[in-house]
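The values are calculated or read from the model by the stated rules, or taken from the named source; none is laboratory data. Quick caveat: nothing in here was measured; it's all calculated off a predicted structure. Note that we place each Cβ from the backbone using ideal geometry, even for glycine, and neighbour counts take in every protein chain shown.
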């Protein structure tokens with residue numbers, strides 16, 4: 001049973017796509033989840049909030065669909081960082097995924113590591129640095145991995161191997177700050 005529901009939901013909205021760098025992966029995930037839910041007899045509406053700047057009003061799309069529950073298949077920023085979770089809570093629609101605070105904390109790698117350390121979990125050394133700094137010099141001793149501090153799983157991952165002669169070649173559009 002879904003928390004907050006008194007009976008098994010029949011109308012499920014699958015949020016997918018969205019504006020993040022992981023849009024294509026999210027669309028694939030969403031389609032597969034929607035198909036599986038339909039196969040189990042659920043009435044499924046697929047909702048793609050689209051890219052930022054398209055004028056899409058996801059709150060209105062959700063009100064129009066009137067789901068009993070939302071299956072969140074959005075990836076990366078906006079889908080996993082607490083933003084869409086906040087919209088769903090404001091609309092009082094139950095959803096899959098962690099809540100607002102847990103999602104926001106998990107997406108911010110530096111803050112998540114701080115919490116892990118406070119609870120005695122081992123955490124590897126890291127440095128939060130501006131992308132421009134990471135492009136010009138090693139910010140920690142190689143080997144290390146560089147990725148945006150607040151992107152999803154594999155977006156913007158660059159390796160600086162042990163025998164690296166210089167910093168990793170980050171692209172100009174690398175979000176800052178970066179975690180090394």
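Listed by first and then second residue, the pairs with beta-carbon distance under 8 Å, at least 6 apart or on different chains, first residue in the range 14-33 and assigned by TED's automatic domain parsing to the domain that holds residue 70 and free of Cβ contacts under 8 Å to residues at least 24 places away in the same chain, second part of a loop (DSSP other than H, G, I, E, B) and surrounded by 19 or more Cβ atoms within 10 Å (Cβ to Cβ), are 27/16; 27/17; 27/48; 31/16. Taking the range 112-165 as the range and being touching a residue at least 40 places away in the same chain (Cβ under 8 Å) and under 19 Å from the mean Cα position of the chain (by Cα) as the test, the residues that pass are 149, 150, 151, 152, 153, 155, 156.
May I ask you to verify whether residue 166 is at pLDDT below 80 and either assigned to a loop (DSSP other than H, G, I, E, B) or buried (at least 16 other Cβ atoms within 10 Å of the Cβ) (or both)?
On the way: at pLDDT below 80: yes; either assigned to a loop (DSSP other than H, G, I, E, B) or buried (at least 16 other Cβ atoms within 10 Å of the Cβ) (or both): yes.
Answer is yes for this residue.
Contact map, the range 40-51: residues that are assigned by TED's automatic domain parsing to the domain that holds residue 68 and on the phi > 0 side of the Ramachandran plot paired with residues that are surrounded by fewer than 19 Cβ atoms within 10 Å (Cβ to Cβ) and at pLDDT below 95, Cβ distance under 6 Å, separation 6+ or inter-chain. Pairs shown: 50/56.
Filter the range 169-180 down to the residues that are assigned to a loop (DSSP other than H, G, I, E, B), within 16 Å of residue 76 (Cβ to Cβ) and touching a strand residue (DSSP E or B) at 6+ places or on another chain (Cβ under 9 Å) and list them by number. If the condition is that a residue be assigned to a loop (DSSP other than H, G, I, E, B), within 16 Å of residue 76 (Cβ to Cβ) and touching a strand residue (DSSP E or B) at 6+ places or on another chain (Cβ under 9 Å), then 174, 175 are the ones that fit.
Which strands (runs of 3 or more DSSP E) does the range 37-150 wholly contain that include 2 or more residues that are modelled with pLDDT of 90 or more, buried (at least 16 other Cβ atoms within 10 Å of the Cβ) and out of contact with any strand residue (DSSP E or B) (no Cβ under 8 Å at 6 or more places or on another chain)? Because the criterion is at least 2 residues that are modelled with pLDDT of 90 or more, buried (at least 16 other Cβ atoms within 10 Å of the Cβ) and out of contact with any strand residue (DSSP E or B) (no Cβ under 8 Å at 6 or more places or on another chain), no strands (runs of 3 or more DSSP E) in the range 37-150 meet it.
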